[in-house]
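Asker: Below is one structure. I have some questions about it.
The values are calculated or read from the model by the stated rules, or taken from the named source; none is laboratory data. Just so you know, these numbers come straight off a predicted model, no measurement behind them. Positions of Cβ are backbone-derived with ideal geometry, glycine not excepted, and every protein chain shown enters the neighbour counts. For the accessible areas, the whole protein counts, side chains as well, though only heavy atoms, and no ligand, DNA or RNA atoms are used. Shrake-Rupley method; radii C 1.70, N 1.55, O 1.52, S 1.80 Å.
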Amino acid sequence: MADISHSTGEAMTTHPDVHEMRARYDKMLSRRDVAMIDAPIFLVGLYCIISPWVVGFSATQADFATHNLIIGIAVGLLALGFTVTPERMYGMSWALCAVGIWLAVSPWVLITDPPMSLAWNNVIVGALTFLLGLMAAWQVRTFRAEPGAEV
């Protein structure tokens, strides 16, 4: 039976697949810029969650505050998915575009006469979500267009 225990003093450099793991890690980091896309998507989702209290419509429009909470959680979970399993999740970049469009039009769909602060808040958050979704989708498109890229 093979000895699979690792001593604390043993370096990773003795691992038999170290060269393949380094090449895969370098390839993944060279095609994605996590700080440029994943983090802002997460921050937009986080702001969407807290926006009813920041803008001040949580008391007057409680149902819409719940709406923004749910949509913000969904955007945040997409961002976490992009970070944790990018090769599986980046196909969902277009979903961010759809969520961004929904955020921008939802004040007029869900409320008869939305307050201007609520409407502008959601239009701006929706536009940012849409643009970040386009950036993520563009990044996937350019990576898949490279020769030898995994699909």
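Asker: Identify, please: which residue in segment 123-139 is among the small types (Gly, Ala, Ser) and closer than 20 Å to residue 54 by Cβ and is, among those, surrounded by the most Cβ atoms within 10 Å (Cβ to Cβ)?
Answerer: Result: 126.
Asker: OK, next. Go through (1) within 24 Å of residue 136 (Cα to Cα); (2) of a type outside the set (Phe, Trp, Tyr); (3) in contact (Cβ under 8 Å) with a residue 24 or more places away in the chain and name the single condition residue 115 misses.
Answerer: Among (1) within 24 Å of residue 136 (Cα to Cα); (2) of a type outside the set (Phe, Trp, Tyr); (3) in contact (Cβ under 8 Å) with a residue 24 or more places away in the chain, residue 115 violates only (1).
Asker: Return the only residue of 71, 41 being closer than 17 Å to residue 95 by Cα, at pLDDT below 95, within 15 Å of the chain's Cα centre (by Cα) and in a helix (DSSP H, G or I).
Answerer: None of the other options fit; the residue is 41.
Asker: Let me ask something additional. Given 59, 23, which one is outside any helix (DSSP H, G or I), modelled with pLDDT under 95 and surrounded by fewer than 19 Cβ atoms within 10 Å (Cβ to Cβ)?
Answerer: Of 59, 23, the one residue that is outside any helix (DSSP H, G or I), modelled with pLDDT under 95 and surrounded by fewer than 19 Cβ atoms within 10 Å (Cβ to Cβ) is 59.
Asker: Kindly indicate whether any position in segment 106-122 is open to solvent by 50 Å² or more (accessible area, probe 1.4 Å), farther than 23 Å from residue 53 by Cα and among the aliphatic types (A, V, I, L, M).
Answerer: No, segment 106-122 has no match at all.
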